[in-house]
Structures are given as C-alpha cells and as structure tokens.
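The structure under discussion appears below in the form of structure tokens.
Just so it is clear, none of the values below were taken in a lab; they were calculated from the coordinates. As the structure is a computational prediction, the values presented were derived from the model and not from experiment. Please note: Cβ atoms are built from the backbone with ideal geometry, for glycine as well, and neighbour counts cover all protein chains shown.
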Amino acid sequence: MIDKGLEQIYQLFTRSKRNTENIIKTAPLGICVTDPDGHFEMVNAAYCNFYGYTEEELLGKHFTLMVSPANRDQLTTLHDEFIKGDSNQELRQEWEVHGRQGDVYTIIAEAARIEGDDGRPRKVTFIVDITERKQLEERLKKANERLDHLAHHDELTGLFNRRAGLQRLEEEQQRSKRYGNALSIAIFDLDSFKAINDTYGHGIGDDALREVTELVGQTLRSTDIQVRLGGEEFLIIMPEVETQAAKRAMQRVCEAIASARFTSQQIRVTVSTGVACYAETTHRCILDRADDAMYKAKEAGGNGVVIA
Ligand SMILES: Nc1nc2c(ncn2[C@@H]2O[C@H](COP(=O)(O)OP(=O)(O)OP(=O)(O)O)[C@@H](O)[C@H]2O)c(=O)[nH]1
C-alpha cells in the first residue's frame with residue numbers, strides 16, 4: 001500500500017520534470033544556461049534557431065560567440081559579476097548581437113541565477129528578438145526627423161523657411177535687446193528673375209535659386225543665417241554684426257553673384273539688397289526697413305546694397 005503511494009509520487013515527479021524539460025525545449029523565447037566561465041551548458045531550440053547554430057555547435061562554446069567584438073569585454077565582465085554577485089535577477093537590457101551569417105539583431109535579454117548540480121552558480125538567460133520593432137522605431141524616428149526638417153526648411157534650397165526664419169530673427173532680436181549685441185539683417189531679391197524663368201524655363205530658374213543661395217552661403221560667415229522668405233526673396237540674419245560691416249558683407253555677396261555664372265545655361269544673375277540694423281529705439285519693424293531699402297536698391301538699377 002505504502003509502496004504504491006511512493007510509486008505514484010515518483011511517477012508524478014518524473015512527469016513534472018519531463019514537462020518542465022519540454023516547456024524549456026519548445027518555449028518561443030531563446031533560453032540558455034552558461035557555466036561560471038560563460039560556456040554554454042544548455043541551449044533551447046528557439047535559442048539555436050535564432051542564432052542559426054545547432055545545439056551541438058553551441059554546447060561548450062563561450063557565449064560571446066554571438067556578441068559583436070566591441071561588446072565582448074563588457075559582457076564577459078557583466079557575466080562574471082552576475083555569477084559572483086548577490087542578485088538572483090539581472091535587469092532587462094537591450095543588446096546588439098549577430099547570427100551565424102553575420103546578420104545583426106537586437107535582443108532584450110533578462111537573466112536569473114540558479115545553482116548547478118556541482119553547487120556552483122549558473123546563469124540562465126532569456127532572450128527576445130526585438131529586431132523588427134527596433135527597425136520600425138528607427139524608421140519612425142527618421143520619418144519624424146524628416147517631417148521636422150520639412151516643417152522648418154525650404155525644400156528647394158534647404159534653407160530655413162519663412163516661419164522658422166522669422167522665429168530665429170525674433171530670438172536674435174531678444175538676444176540683442178538683452179545683451180546689447182549688434183544685430184543686422186539683409187533682404188536680397190534676384191533682379192528680373194521672371195525673365196530667367198520665361199527664357200530658360202522653371203527648372204533652370206530653380207537651379208539658379210539653388211546655386212545662388214549656395215554661393216551666398218559660401219560667401220557669408222558660418223554664423224550668418226540664410227532664410228528663404230518666399231519666391232526669389234531671401235533674408236540674412238547677421239548676429240553681432242554692425243550696419244557698416246553688414247553692408248560690406250552684402251557688397252561682397254553682390255559682387256560674387258554678379259561675377260559668377262549659374263546653371264547649365266551659364267546665366268548671369270544680380271541681386272538687390274537692403275540692410276537694416278536692429279535698434280530698440282526704432283518702432284518700425286526691422287524687416288520692413290530692410291525691405292524698403294531693398295526696393296530702393298532695385299529702383300537704383302539693381303545689383304547694389306542700400307542701408308535702411
Ligand atoms: N523657378 C522658380 N521661380 C520662382 C520660384 N518662386 C518664385 N518664382 C518666380 O520669380 C519671379 C518673380 O518675379 P517678379 O516678382 O516679377 O520679380 P522679378 O522678375 O525678379 O523682378 P524684380 O524683382 O523687380 O527684379 C516670378 O516669375 C515667379 O514665378 C521658384 O521657386 N522657382
């Protein structure tokens with residue numbers, strides 16, 4: 001009677017052990033056990049499939065086989081510390097790993113410590129493949145960056161668009177007001193640009209706008225901010241630049257443009273420029289003053305700079 005009871009318990013125990021083994025074998029997440037030196041003692045099917053190795057190929061190998069060389073030392077140290085440490089659980093962490101063919105994956109790994117049959121600790125690591133999620137996140141991030149760029153930049157020239165440029169101007173005016181720094185701006189407009197479009201077509205007109213703004217960017221200081229206000233009208237914000245220096249800078253721009261040839265059609269372009277300096281005492285908007293000066297430059301025949 002007593003023997004029959006023991007027999008039943010033994011059977012239940014064996015069944016439970018078999019179930020546990022089968023669960024580990026068939027679990028959809030990769031599981032491995034490493035010895036205190038980091039060598040594989042157990043790998044389940046999902047682990048092998050994920051990395052593209054067979055169980056025989058992995059058992060006895062060091063776990064850094066799948067880790068990129070740059071992370072090997074760090075992960076070996078973490079493994080040693082975990083084996084020797086007090087904590088039975090390791091925090092979830094994201095890692096980049098590579099499969100047998102060198103393909104790169106992102107995983108989330110979480111670990112637990114168990115005792116081996118020799119009484120020494122073992123590390124059990126559970127891994128989940130998050131490569132697709134990571135790639136999706138990366139694509140979303142890039143799409144958001146692109147949207148953000150489009151919201152602030154002009155597509156044709158890559159310059160700040162009107163809205164972003166006026167915001168920068170507002171910020172520079174606040175800075176100038178607070179610290180008493182000089183601030184000049186210039187508005188320039190391509191002379192008779194309509195004729196370029198009419199003669200060579202809109203595509204060549206676009207090329208001319210792009211090339212002219214590139215040349216302006218090369219001629220000015222890197223701290224100057226170029227903005228496309230709209231059409232063939234542009235704004236330059238020149239922080240910490242006095243009026244006369246701004247005028248000289250824009251004369252250099254005018255000369256550089258007038259002596260260059262643009263597009264495949266070798267077109268000549270000139271620009272008219274109005275310069276204005278920020279002054280708290282003036283109530284009129286700095287932009288309007290620069291714009292008026294630019295029209296005076298146009299009235300004077302173009303290809304010149306007028307100070308407001
Ligand atoms: N190709 C091209 N043309 C543009 C763009 N934006 C505006 N334009 C053209 O720029 C021309 C501006 O013409 P107007 O305002 O008459 O000025 P303009 O011919 O330069 O004459 P002034 O300004 O008086 O020297 C128009 O023909 C617009 O169609 C653009 O993005 N690409």
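In terms of overall dimensions, the C-alpha atoms belonging to segment 158-307 reach 48, 31, 22 Å along their principal axes, ordered largest to smallest. The simple spin-label model puts a point 7 Å past each Cα toward its Cβ; for residue 115 and residue 182 those points are separated by 8.0 nm.
Note on 188, 160: ascending count of other Cβ atoms within 10 Å places them as 160, 188, the fewest first. The count of lysine pairs in segment 1-154 that are at least 8 places apart or cross chains, and whose C-alpha atoms lie under 25 Å apart, stands at 9. Of all beta bridges DSSP finds with both residues in the chain, what is the antiparallel percent, to the nearest 5? So the antiparallel bridges amount to about 90 percent of the total. Axis of helix 202-219 versus longest Cα principal axis of the chain: the two differ by about 90°, to the nearest ten degrees. With one equal scatterer per alpha carbon and no solvent term, the Debye-computed log10 I(q)/I(0) for segment 4-46 at 0.33 1/Å reads -1.01.
Backbone geometry of segment 24-38 corresponds, through the Karplus equation with coefficients 6.51, -1.76 and 1.60 at θ = phi - 60°, to 3J(HN,Hα) couplings of 4, 4, 9, 4, x, 10, x, 10, 9, 10, 10, 7, x, 8, x Hz, x marking Gly and Pro. When DSSP beta bridges are restricted to pairs lying wholly in segment 213-308, around 60% turn out antiparallel. The equivalent ellipsoid that matches the C-alpha gyration tensor of segment 9-113 spans semi-axes of 26, 18, 12 angstrom, in descending order. Summing +1 for each Lys or Arg and -1 for each Asp or Glu, what net charge is found among the other residues whose Cβ lies under 13 Å from the Cβ of residue 270? Net charge in that neighbourhood comes out at -1. Set the Cα radius of gyration of the chain against 2.2 N^0.38 Å, with N its number of residues, and you get 1.79.
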